[in-house]
1. Can you find, within segment 172-211, the residue that is surrounded by the most Cβ atoms within 10 Å (Cβ to Cβ) among those that are among the polar types (S, T, N, Q), more than 17 Å from the chain's Cα centre (by Cα) and part of a loop (DSSP other than H, G, I, E, B)?
2. Being touching a residue at least 12 places away in the same chain (Cβ under 8 Å), in contact with a strand residue (DSSP E or B) (Cβ under 8 Å, 6 or more places away or on another chain), assigned to a helix (DSSP H, G or I) and crowded, with 19+ Cβ neighbours inside 10 Å is true for just one of Val434, Val404. Which residue is that?
3. For segment 124-155, give me each residue that is charged (D, E, K, R) and either surrounded by 17 or more Cβ atoms within 10 Å (Cβ to Cβ) or in a helix (DSSP H, G or I) (or both).
4. Output yes when any residue across segment 33-55 is among the acidic types (Asp, Glu), part of a helix (DSSP H, G or I), buried (at least 17 other Cβ atoms within 10 Å of the Cβ) and within 16 Å of the ligand (Cβ to nearest atom), and no when none is.
5. What tally of residues in segment 183-200 results from selecting those that are within 16 Å of the ligand (Cβ to nearest atom) and in contact with a Phe, Trp or Tyr (Cβ under 8 Å, 6 or more places away or on another chain)?
6. Count, please, the residues in segment 64-81 that happen to be away from the ligand (no atom under 13 Å from the Cβ) and either under 22 Å from the mean Cα position of the chain (by Cα) or small (Gly, Ala, Ser) (or both).
7. Looking only at segment 74-88, filter to residues that are closer than 21 Å to Pro112 by Cα and either in a strand (DSSP E or B) or out of contact with any strand residue (DSSP E or B) (no Cβ under 8 Å at 6 or more places or on another chain) (or both); which one of those is modelled with the lowest pLDDT?
8. Counting just the residues of segment 10-32 that are more than 16 Å from the ligand (Cβ to nearest atom) and outside any helix (DSSP H, G or I), which one comes out surrounded by the most Cβ atoms within 10 Å (Cβ to Cβ)?
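The values are calculated or read from the model by the stated rules, or taken from the named source; none is laboratory data. Because the structure is predicted, anything quoted here is derived from the model rather than measured. A quick note on method: Cβ atoms are made from the backbone with ideal geometry, for glycine too, and the neighbour counts reach across all protein chains shown.
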Amino acid sequence: MALADVPVPKLQARAEACAERLLQADRVLLASHIDADGLTSAAVASTALERAGLPFETVFEKQLDADSIAGIAERDYDTVLFTDFGSGQLDIIADHEQAGDFIPVIADHHQPADAETEFHLNPLLEGIDGASEMSGAGAAYVLARALAANSGQDERLDNRDLAALAVVGAVGDMQASDGELHGANEDIVADGVEAGVLEETKDLAVYGKQTRPLPKLLEFASDVRIPGITNDERGAVSFLDDLDVECRADGAWKRWVDLTDDERQTVASALVQHAVSRGVPAFKIDRLVGTTYVLREEEVGTELRDASEFSTLLNATARYERADVGLAVCLGDRGSAYDRAKELLRNHRRNLSEGIEWVEEHGVTTEDHLQWFDSGEEIRETIVGIIAGMSMGADGVSRDMPIVAFARKNDEETKVSGRGTGPLVSQGLDLSVVMREASQAVGGDGGGHDVAAGATIPAGEEEAFIDHADRIVGEQL
Ligand SMILES: [Mn+2]
């Protein structure tokens with residue numbers, strides 16, 4: 001058979017080697033990360049394995065570490081396919097490989113640890129940026145394309161239909177956060193467009209175009225703050241009522257998808273004019289328009305139709321440890337799993353608003369250089385970081401210093417989350433350093449990004465942690 005025509009030529013050789021290794025296996029254990037990118041990675045990989053006629057089983061891990069890898073090794077599979085993680089744990093995985101526990105095949109986009117392995121598909125190894133140009137689902141997609149071409153499966157099933165899920169994964173990993181996808185991700189989009197499963201359009205860059213009623217769409221579009229509309233329900237309603245567009249049908253608000261192209265154009269232009277008249281700077285007005293990725297085979301007006309809403313739905317399943325639900329939705333369940341996913345998303349939104357209310361009610365403690373709160377068992381450790389970030393600017397919470405939040409994980413451990421702002425980062429704040437150094441000083445560990453990071457510390461060390469963190473932030477700012 002001719003060489004597989006993968007969409008990212010630099011990854012051709014690695015994709016082929018991985019595909020060939022998988023095709024030699026009797027059966028495969030697929031292990032993937034639990035988040036929107038990990039779930040779509042698993043969906044892409046498992047569909048490809050299924051179509052290639054390879055028996056497999058799927059497992060999910062929140063975190064891949066020595067313990068979870070040892071658990072995987074005990075499963076008695078000769079071949080393990082890791083998606084959306086594995087590169088960062090390559091040192092541990094390579095030890096198992098050398099011990100003869102299993103042969104690893106890795107499709108990931110995270111920074112590889114210092115070790116070698118033969119079947120390793122990672123954009124970073126070929127000079128492609130894994131943070132902005134390719135997600136775990138993208139790497140799994142490139143592998144899926146190679147599997148299709150090399151397995152002898154019906155060539156009409158070339159796996160290009162899976163590009164839609166790969167794009168959901170990339171969007172879920174925030175790779176379109178500046179308004180559109182770039183680089184290798186664009187090649188994957190092109191594949192999906194050609195296969196008829198994706199459509200990309202320039203559109204209003206706000207979240208919820210498929211599902212939110214128009215006033216809510218505008219009110220909650222907080223990426224670009226527009227005075228008189230953002231977080232202002234009455235303002236959003238009167239803005240819409242003043243337009244020469246019928247925004248209601250049978251007394252109920254329409255959604256963005258219910259408008260005609262001309263009506264959308266009218267609303268978008270009026271919004272830009274309104275923003276200009278309220279003094280929103282030009283560079284922010286540019287961000288009001290972006291690329292929308294539409295999944296053409298999904299029903300109009302559902303979360304699944306829009307890559308960004310789809311990834312949010314998947315994240316809601318992941319946060320409440322229902323990877324099974326998220327995976328089933330990715331694989332086409334539009335019955336009970338889809339209903340359950342929507343319910344998890346509703347619960348998630350309620351938990352967030354209750355969490356912010358809790359912070360407003362109980363307040364934060366202000367140190368010299370940071371503010372903090374300890375939610376004990378009142379807020380789930382999986383969402384305390386989001387709540388900390390969202391509460392900045394709420395009643396009694398400053399946006400001028402970083403915020404640190406604690407939540408009890410169990411009797412022995414406390415989860416710590418740190419959140420900053422763009423302006424604080426440009427003044428020197430790096431929360432990944434703060435979280436790592438302060439947690440290590442009290443016998444824990446942590447890390448992350450400059451603007452958002454986390455750690456786990458022994459229970460009871462919260463105040464000692466704050467002393468260290470406050471000093472480090474003081475040194476940075
Ligand atoms: Mn990822």
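1. Selected residue: Gln210.
2. Val434
3. Applying the first criterion (charged (D, E, K, R)) to segment 124-155 yields 126, 129, 133, 145, 154-155.
Once the filter is applied, which keeps residues that are charged (D, E, K, R) and either surrounded by 17 or more Cβ atoms within 10 Å (Cβ to Cβ) or in a helix (DSSP H, G or I) (or both), segment 124-155 yields Glu126, Glu133, Arg145.
4. Yes, that holds for at least one residue.
5. Here the count works out to 1.
6. Number satisfying all stated conditions: 7.
7. Among those that are closer than 21 Å to Pro112 by Cα and either in a strand (DSSP E or B) or out of contact with any strand residue (DSSP E or B) (no Cβ under 8 Å at 6 or more places or on another chain) (or both), it is Gly88.
8. Step by step, filter segment 10-32, then rank; the result is Val28.
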